[in-house]
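One structure is given here, and the rest of the page talks about it.
The values are calculated or read from the model by the stated rules, or taken from the named source; none is laboratory data. Predicted model, so just to flag it, every value in this text is computed and none were measured. Glycine gets a Cβ as well: all are built from the backbone with ideal geometry, and neighbour counts include every protein chain shown. Please note that ligands, DNA and RNA were not included when accessible areas were found on the heavy atoms of the full protein model with its side chains. Shrake-Rupley method; radii C 1.70, N 1.55, O 1.52, S 1.80 Å.
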Amino acid sequence: MPAKKLTALSSVFASATKKDLKKPNAAAASEILSITKLFSSPDSPTSAEQSSRTSKRAAKELRRGLSESETSSLSSEKSSLVTDGPGRSPSQILKEISSILCRTHISESSSLPSSELPICGKPSDDVSDNVLDIPWFSAVSPTSVSQRRKQLSRERKQKWIFKNTQNRRFERLVRMCAQKLGTDATIDIFGKLGRETGVKEYNALIKVCIEKARGSPDEEESLDQIYKAFQLFKSMKEKGFPLEEETYDPFLIYLVDMSMEQEFHLFKELIQDVKADYISRLGYYEMLLWIHVKNEDKISELCSSINVGGEDQCYGVAENYLLAFCERDREKDILKMLEMVDVTKMSSTKYIANVFKSMGRLLLEDHAEDLIMALKKSEPAAEDISSFIFEYASNIPNLVVEEVISKVKYLHEKLEVESSAAAYENLIMYCCSLLKVHAALDVVDLMCQSGLALSADTFNPILCASEKSCDIDLVRPIYSVMRRHNLMPKGETIKNMICLHVKMKDFEGAYNMLKDLEEMDVKPTPNMYNAIMAGYFREKNIYGGLMVLKQMERAKVQPDSETFSYLLCNCENEDDINKYMEDIKRAGVLVTKHIYMALVNAYANIGKFEKAKQVLLDPEIPIKSINEIKSALTSALAFNGEILCALKIYEEVKQTGCQLEPKAIISLIEYLRSEGQLDKLLELLEGLKDSGYWFDGCSRVVLYCVRYKHLSCTVDLLKQLKEKDESSTGSVFDMIFAEILEREPIDLDIALSLLQIMKDELKLQPSRTSLDFLLSACASAKDPHRAWQVWGEYGKACLPMNILTYLRLYQVMLVSGERKSASDILRKISRDDPHVRCIVKACQTTFSESTVKKRENKQAIKA
């Protein structure tokens, strides 16, 4: 950052250390007021009875109104909200906020006739007048409200299972507001709602500012965001809020990472003025700063200034210096500090764990053992010592999982430390994070052998890892262990195990688990049956899926919206669709967006495209779900051959300033296969912002370019792919050469041109898979000359020749009539394997001279 900007920021920080901070001028007071009036919180020192109802309503409206899509007309609304003078009530401001946040959906609906708008009431000339007349939820009966609550509960459990998101919800809301409206508008607008801000709210906003500063390539923008964060911090101090580490940590770490020494010390003084007790903890950040800027003199000076035999504060400073050294793995400094700091007296077990982590990374096993022996003498909880052993072993570099488990077991035995369930559960999580499911099950066996208590929740990460690693057959031994130890799995755990059985197509095993629930006196849930039903429908076994519905009726389990979504998607005629919609009404099941999306797919699959479009006209559809349902309609139309209708919806959505869901855009790219559509495909590709979806879409566009010989565009896209993900670009070339092999006539010219571009311009080496496809393409094209050219590429790419490579080349020579070359190659092929002998014989029979002549004669006669 330039010196001029650093000076400007330093002057801002310096002003905060003056004594007249608590008496800001009128402009500063106005600014602080706009910053601090956010949502009320239990942490807030002031609370007004008059604003509580407005506050609750504001939070509800905002949560409902926020959406992911970006709007193109926010700037004027934000400006008017920020600059309007006083005198307006919070409810008026709230109306304008709601108008901004839901403008996307209003504009989407505006293209429809007024009689078909999916909102209550007719549109007026002024959108801001009627925007809050739009119902967030349609009028429903008490039964439907109850069903909705249950449905929302199920959706939250499905999405956030095994996670505690309570503390993240407000932060997520603030982030969405900041992304939607900008940091300035968020602060000013929420400030006008009459809400006092608490510590939690301030922390969330400070994090947003720091993240924006880190992510911005513009230095002016970064400086501006840091200033805003500082103003928030200053406001907290003036209002008497406690400045805990959660508040100042992001700020100090940013200053350390940016090597901003002067600003760091000014900010440090500001914190110390609030509370002198923070001096020891601030020592941690100061030491990190000098380590980062490599100022060894300052590091030595700080270490020499410690007098651990004196005050407790000095001991605390030494402890935090030790933690800073551990953070940066400075071995000599760690050992020196350990001579002054008694680990058994450290203020937190978390700090002790950090010491052991660093010792593992530095391979200081002797010192780690000495610390464990010292901890044993101090008689802390045995569980903590066992966990410290895990922290040490899991951080040793270059150890495979099995070696980590052995090291943990060895240290427990050598140091005579009693194993703890917490340590072994951490070890299981460590194994699962690396998808080593068998190793995780070995740890479970160790727990059983050690007599440690097992819980059903212990198996949740193992089940997740087994699915990710495709070791789904391990669900059987996992379930056996649970049954053997009389563990009572929770509903979500049972559902996950049923899903794994279904993925193995072991429907009998899935049903057996449901039978076991009867013995355990546990009532099955719709989700469990839904998992089995989904499996049958994936296999196109309609009868099996419908039998699941019968099983639910026998078990007296009420179908839910997910059940009916599966049933609708697999309807074979309109009568079945009508029947299930009647069942939904009769059962009082809430019609969710998933049911609407399933209904769209159901009509499209049976060719009722107009009825599929009419689903969007249902006035009961929540406005925030319209874009997702339009995306589902677009995908369904494209899949069923109505690509022009799908593109029309895409254009309509685009004109409103919105974007379809990424999956819908991928569907358009996939099914837009006619020649002359390259510009449209590139336009669709630009709409994919997520890197994963973009890579998928780009790969499909590349195949289109190869199919229609747009070589220059192919090269440009491949270069973009390499920039984003070089390691995966090779797999795209595999797909390209497979595409060339499958299409008739085979174009070896473009294939070899792309091979040359791959090596010369992209500096990539072809994979064995790519060369195998090319060699097979040469066989299909009966081109021995090009085949020898490809053969040479194996050696250039340092790929050893294997049996299959020789067999492919042998086939090329036979089909091309190069008998002598074929005989030479055959002598190099080992025929010990019976499968190899079989392939050679088949090639000789298929491509013998007499067979080829007979085939040619038949073709001549037909001609």
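Under the condition of being open to solvent by 20 Å² or more (accessible area, probe 1.4 Å) and touching a helix residue (DSSP H, G or I) at 6+ places or on another chain (Cβ under 7 Å), which residue from the stretch 805-825 is farthest from Ile746 (Cα to Cα)?
Residues of the stretch 805-825 that are open to solvent by 20 Å² or more (accessible area, probe 1.4 Å), as a first pass: 806, 808, 811, 815-821, 823-824.
With the extra rule that they be touching a helix residue (DSSP H, G or I) at 6+ places or on another chain (Cβ under 7 Å), the set shrinks to 806, 808, 811, 815-816, 818, 821.
Details: Tyr806: 22, Arg808: 17, Gln811: 17, Val815: 15, Ser816: 15, Glu818: 20, Ser821: 23 Å.
The residue in question is Ser821.
Could you tell me whether any residue of the stretch 238-246 is assigned to a helix (DSSP H, G or I), more than 16 Å from Lys212 (Cα to Cα) and basic (Lys, Arg)?
Of all residues in the stretch 238-246, those assigned to a helix (DSSP H, G or I) come to 238, 245-246.
In the following step, the residues that additionally are more than 16 Å from Lys212 (Cα to Cα) were identified as 238, 245-246.
Add one more test, that the residue is basic (Lys, Arg), and what stays is none.
Looking through the stretch 238-246, none of the residues is assigned to a helix (DSSP H, G or I), more than 16 Å from Lys212 (Cα to Cα) and basic (Lys, Arg).
Is there a residue being closer than 18 Å to Ala421 by Cβ and either in contact with a Phe, Trp or Tyr (Cβ under 7 Å, 6 or more places away or on another chain) or assigned to a helix (DSSP H, G or I) (or both) anywhere in the stretch 461-475?
As a first pass, look at the stretch 461-475 and keep what is closer than 18 Å to Ala421 by Cβ: 461-462.
If we keep only those that are either in contact with a Phe, Trp or Tyr (Cβ under 7 Å, 6 or more places away or on another chain) or assigned to a helix (DSSP H, G or I) (or both) as well, we get 461-462.
There is at least one residue in the stretch 461-475 that is closer than 18 Å to Ala421 by Cβ and either in contact with a Phe, Trp or Tyr (Cβ under 7 Å, 6 or more places away or on another chain) or assigned to a helix (DSSP H, G or I) (or both).
Can you tell me which of (1) under 23 Å from Val548 (Cβ atoms); (2) open to solvent by 40 Å² or more (accessible area, probe 1.4 Å); (3) among the hydroxyl-bearing types (Ser, Thr, Tyr) is the one Thr493 doesn't meet?
(2)
Of everything in the stretch 386-437, what is over 29 Å from the mean Cα position of the chain (by Cα) and not in a helix (DSSP H, G or I)? Give them in sequence order.
Leu415, Glu416, Val417, Glu418, Ser419, Ser420
Across the stretch 583-607, what is the number of residues that are in a loop (DSSP other than H, G, I, E, B) and of a type in the set (Ser, Thr, Tyr)?
Looking only at the stretch 583-607, we keep the residues that are in a loop (DSSP other than H, G, I, E, B), and these are 588-592, 606-607.
Those left that are additionally of a type in the set (Ser, Thr, Tyr): 592.
Number satisfying all stated conditions: 1.
Go through (1) surrounded by fewer than 17 Cβ atoms within 10 Å (Cβ to Cβ); (2) under 22 Å from the mean Cα position of the chain (by Cα); (3) in contact (Cβ under 8 Å) with a residue 12 or more places away in the chain and name the single condition Lys680 misses.
Unmet for Lys680, out of (1) surrounded by fewer than 17 Cβ atoms within 10 Å (Cβ to Cβ); (2) under 22 Å from the mean Cα position of the chain (by Cα); (3) in contact (Cβ under 8 Å) with a residue 12 or more places away in the chain: (2).
Could you list all residues from the stretch 528-551 that are open to solvent by 70 Å² or more (accessible area, probe 1.4 Å) and not in a helix (DSSP H, G or I)?
Within the stretch 528-551, Glu539, Lys540 meet the criteria.
Return the pairs, sorted by first residue and then second, in which the second residue is part of a helix (DSSP H, G or I) and surrounded by 19 or more Cβ atoms within 10 Å (Cβ to Cβ), the first residue lies in the stretch 696-720 and is acidic (Asp, Glu), the beta carbons are less than 7 Å apart, and the residues are 6+ apart or on different chains.
Matching pairs, first to second residue: Asp696/Ile666.
Could you figure out which of (1) of a type outside the set (S, T, N, Q); (2) outside any loop (DSSP other than H, G, I, E, B); (3) open to solvent by 30 Å² or more (accessible area, probe 1.4 Å); (4) touching a residue at least 40 places away in the same chain (Cβ under 8 Å) isn't true of Leu232?
(3)
Looking at Asn486, is it part of a loop (DSSP other than H, G, I, E, B) and either without any contact (Cβ under 8 Å) to a residue 24 or more places away in the chain or touching a Cys at 6+ places or on another chain (Cβ under 8 Å) (or both)?
Details: part of a loop (DSSP other than H, G, I, E, B): yes; either without any contact (Cβ under 8 Å) to a residue 24 or more places away in the chain or touching a Cys at 6+ places or on another chain (Cβ under 8 Å) (or both): yes.
So Asn486 fits the description; yes.
Being open to solvent by 30 Å² or more (accessible area, probe 1.4 Å) and at pLDDT 90 or above is the filter here; which residues of the stretch 516-527 pass it?
The one that is open to solvent by 30 Å² or more (accessible area, probe 1.4 Å) and at pLDDT 90 or above: Thr525.
Where residues in the stretch 570-587 are of a type in the set (A, V, I, L, M, F, W, C) and farther than 24 Å from Ala664 by Cα, which of them is surrounded by the fewest Cβ atoms within 10 Å (Cβ to Cβ)? Lay out the reasoning, then the answer.
Within the stretch 570-587, the first condition is being of a type in the set (A, V, I, L, M, F, W, C), and the residues that meet it are 571, 577, 581, 584, 587.
Applying the additional criterion that residues be farther than 24 Å from Ala664 by Cα yields 581, 584, 587.
Details: Met581: 16, Ile584: 20, Ala587: 14.
It comes out as Ala587.
Check off (1) within 26 Å of Asn573 (Cα to Cα); (2) surrounded by 15 or more Cβ atoms within 10 Å (Cβ to Cβ) for Cys705 and give me the number that stays unchecked.
(1)
Per-residue answers, yes or no, for (1) among the acidic types (Asp, Glu); (2) in contact with an Asp or Glu (Cβ under 7 Å, 6 or more places away or on another chain); (3) more than 20 Å from Asn496 (Cβ to Cβ):
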| position | (1), (2), (3) |
| --- | --- |
| Tyr536 | no, no, no |
| Gly544 | no, no, yes |
| Val548 | no, no, no |
| Asp560 | yes, no, no |
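One residue is enough: does the stretch 746-761 have a residue meeting the conditions of a type in the set (Val, Ile, Thr) and within 31 Å of the chain's Cα centre (by Cα)? Even if it seems obvious, please write down each step before you answer.
From the stretch 746-761, those of a type in the set (Val, Ile, Thr) are 746, 750, 757; that's our starting set.
From what's left, within 31 Å of the chain's Cα centre (by Cα): none.
No, there is no match, as no residue in the stretch 746-761 is of a type in the set (Val, Ile, Thr) and within 31 Å of the chain's Cα centre (by Cα).
Within the stretch 588-605, can you find the residues that are within 17 Å of Glu661 (Cα to Cα) and either over 30 Å from the mean Cα position of the chain (by Cα) or open to solvent by 30 Å² or more (accessible area, probe 1.4 Å) (or both)?
Lys593, His594, Met597, Asn601, listed by residue number.
Report, by residue number, each residue of the stretch 606-618 that is among the charged types (D, E, K, R) and buried (at least 16 other Cβ atoms within 10 Å of the Cβ). If you could, list the steps in order and put the result at the bottom.
As a first pass, look at the stretch 606-618 and keep what is among the charged types (D, E, K, R): 608, 610-611, 613, 618.
The answer is Lys611, Lys613.
Output the residues belonging to the stretch 646-661 that are open to solvent by less than 40 Å² (accessible area, probe 1.4 Å), in a helix (DSSP H, G or I) and not aromatic (Phe, Trp, Tyr). Lay out the reasoning, then the answer.
As a first pass, look at the stretch 646-661 and keep what is open to solvent by less than 40 Å² (accessible area, probe 1.4 Å): 646-647, 649-650, 653, 656-658, 660.
If we keep only those that are in a helix (DSSP H, G or I) too, we end up with 646-647, 649-650, 653.
Ala646, Leu647, Ile649, Val653, listed by residue number.
Would you tally the residues in the stretch 732-745 being in contact with a Ser or Thr (Cβ under 8 Å, 6 or more places away or on another chain) and either without any contact (Cβ under 8 Å) to a residue 24 or more places away in the chain or of a type in the set (Ser, Thr, Tyr) (or both)?
0
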